[in-house]
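Presented below is the structure to which this report refers.
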Amino acid sequence: MCGIVGYIGDKQAPPVLIKGLKRLEYRGYDSSGIAIINDSRIEVFKKQGKVAEMENLVLDADPQSSLGIGHTRWATHGSPNDINSHPHYSNSGRIAIIHNGIIENYASIKEGLLKRGYTFESETDTEVLVNLIEDVLLHTEVSLAEAVRIALNQVVGAYAIAVIEEGNNDQIVVAKKGSPLVIGIGTGEYYIASDATPFIEYTNQAVYLEEEEVALISLKKGLEIRTIANKLIRPYIQELALEIESIEKAGYDHFMLKEVNEQPKSIFDTLRGRLIVDKNNISINALNQYEKKFLNADRIVIVACGTSWHAGLVAEYLIEGLARIPVEVEYASEFRYRNPIITERDIVIAVSQSGETADTLSAIQLAKAKGATIFGICNVVGSSIAREAHIGAYTHAGPEIGVASTKAFTAQVTLFTLIAMSLAEKKGSISKKLYRKLIRELNAIPKKVQQTLNLDAQSKHIASVYKDVSNCLFLGRGINFPVALEGALKLKEISYIHAEGYPAAEMKHGPIALIDADMPTVVVAIKTEHYEKVVSNIQEIKARNGKIIAIVNDGDSVVSKIADHVIEIPEVDERLSPLLTTIPLQLISYHIAVMRGCHVDQPRNLAKSVTVE
Ligand code: M6R
């Protein structure tokens, strides 16, 4: 993970870097640091903890510089202390580096450098890389950019790096492989960052570095890009549509709460242009283009991690149920290491909010090599997974900053609903009547999501009752089983309460042993074909003194009599229900985390974008 930034221009670099790092803190927040060139000398400020801690050091010293690089860390090699924080110096102090990624062969490179007399202060792979670059500089008469290029030819692993050199206040050298790096081009200034959020308020002109590219950024020479094999590349400048308002908190206490409340709009944006209500039609460009492939596919394999994997599970119910195409949903991290059987007749759908998750990216690279058609469902436009896929569709949920994924999940589920319906219509496996009914119901979803959000006070009350529990169970059946998994993940990741999601009927095969008066169970108990059975499960829990928080439909008269708490949500076709049942679970987790004093947007040990395996 980790976030990197850089600046060269006529502004003061330290405030630009620090503001940029705060925007990238979602990528990691174990420690942070900046390196600037002040009077031709490199100065480094770095500290364990959040960017604000390091900012105090910079404010005290008030260094002046118009060139610098910065880093916010999610620790991989070495614990999150001051020494392991980036930037790292080479032994001579001549160059400084920041790095997002992992140098896999760092141990063997380090061994060679140790033999040549290099010493190391930190436990990081990054300090090895900066000394490898220094070693090239010392033994050849090449520029810094050339030395970086030569050094990277010896490196196995992933990197987005930025390097500066003492005495040269007109250059930053950057390179990318496996970790994202984007260059913002302003007037008489350049920015670098892991994504465009640090510089979007200054410029919307950007160049996304491709795999194994090295760039020299210089005010005098401009932008010069080469591959690590030394081929000159013409920069492709894109105009970004991102707006600054969309990455700020807009008056909410936390990004997570803002993002939960944005769901009526984000779902609407996912539907926009694809759900054509007056023509009773669904149109997804990528599906139209690859219609034959989809209709002739042996099966669809969905690969993803975390919340995106839960969206994939919902998709399995939708696509198999409506389009009758076999679907398998795989943890990306497991898929790639079990030599999966994949053929040219398979479609592999990668689901990822960030589009940068290393496990998911590697999974599709493997599937692509085996001949499958790769379809990407990403939120971040231009992200690595979106670019690696043959084809795909963006969720258009807008930037998601809170580490806990919320609006990205409902956007993914919305997009999968459209995909399932469209495939079903193309295959003729759905009746016209049902197709039209679902189109009408989908169109009404943003409004019903808003009605569900309006029940926030109930979620807050429930949170106040259960905020101190140590364990919590989440149950759901059918398409709401993945919602139970998602509810448990939300609670555990932001409140640090142990939570498990189960299919309601599985409870009797083990988890029921956990039930007692201290163990609340959250049950999705809306009106579906499983309703009666879920009611029986609730009875079983009540018989063992368990507490029940039930998500039911408006006007439910059965569960409300036996549950300890109910939240009544609007009725909707069962296939669309995850879009509503998820909302109270997000809100309950949010309020519990706030009441427990947890850092909601940046939970401990986590990062938004997991770019390590
Ligand atoms: O960016 P991605 O969707 O690929 O991320 C996958 C997971 O890392 C992510 O969903 C994670 O589980 C979230 N913290 C869940 O809220």
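Quick rundown of the values:
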{"item": "Computed log₁₀ I(q)/I(0) - Debye formula, equal Cα scatterers, no solvent, segment 382-449, q 0.15, 0.16, 0.17 Å⁻¹", "result": "-0.64, -0.71, -0.78"}
{"item": "Length-normalised contact order of segment 266-403 in % [C-alpha pairs under 8 Å, at least 6 apart]", "result": "24"}
{"item": "Relative pair counts by distance (%), Cα atoms of segment 408-524, 10 Å bins", "result": "12, 32, 31, 18, 7, 0"}
{"item": "Net charge of Cβ neighbours under 10 Å - reference Val314; Lys, Arg +1; Asp, Glu -1", "result": "-1"}
{"item": "Whole-number percent relative contact order across the chain, with pairs defined as alpha carbons under 8 Å at least 6 apart", "result": "12"}
{"item": "Within-13-Å neighbourhood charge of Asn131 [Cβ basis; K, R +1; D, E -1]", "result": "-2"}
{"item": "Quarter of Cα convex hull surface for the chain, i.e. mean projection, nm²", "result": "27.9"}
{"item": "Helix axis angle, 306-318 relative to the chain longest principal axis, alpha carbon, degrees", "result": "40"}
{"item": "Inter-centroid distance (Cα atoms) of segment 335-391 relative to segment 564-613, Å", "result": "26"}
{"item": "Too-long pairs where the Cα-Cα distance tops 20 Å, listed order kept, from Lys447/Lys608; Lys176/Lys231; Lys407/Lys492; Lys407/Lys437", "result": "Lys447/Lys608; Lys407/Lys437"}
{"item": "Paired Rg and Dmax values of segment 106-248, which use every Cα atom, in angstrom", "result": "16.2, 52"}
{"item": "The chain - mean residue ellipticity at 222 nm from DSSP helices (-39,500 (n - 2.57) per run, n ≥ 4, rounded to 500)", "result": "-11000 deg cm²/dmol"}
{"item": "Isotropic mean projected area of the C-alpha convex hull, segment 1-128 (nm²)", "result": "7.3"}
{"item": "Rounded Å value of the spacing that divides the Cα centres of segment 57-88 and segment 483-500", "result": "33"}
{"item": "For segment 455-601, the spread of Cα positions along each principal axis, largest first, Å", "result": "39, 32, 25"}
{"item": "Calculated P(r) tail over 20 Å for segment 442-509, as whole % of Cα pairs", "result": "43"}
{"item": "Neighbourhood net charge (13 Å Cβ-Cβ; Lys/Arg +1, Asp/Glu -1) for Ser32", "result": "+3"}
{"item": "18 Å Cα-Cα reach of Lys293 towards lysines, excluding residues that sit fewer than 8 places from it in its own chain", "result": "Lys368, Lys370, Lys426, Lys427"}
{"item": "Cα shape, segment 250-453, gyration tensor, a/c 1.5 rule", "result": "oblate"}
{"item": "Flagged links, alpha-carbon separation over 22 Å, of Lys11/Lys177; Lys110/Lys177; Lys279/Lys433", "result": "Lys11/Lys177"}
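Every number in this text was worked out from the coordinates using simple rules, so none of it is lab data. Note that the coordinates shown come from a computational prediction; the quantities given were computed from them, not determined experimentally. Virtual Cβ from ideal backbone geometry, glycine too; neighbours counted across all protein chains shown.
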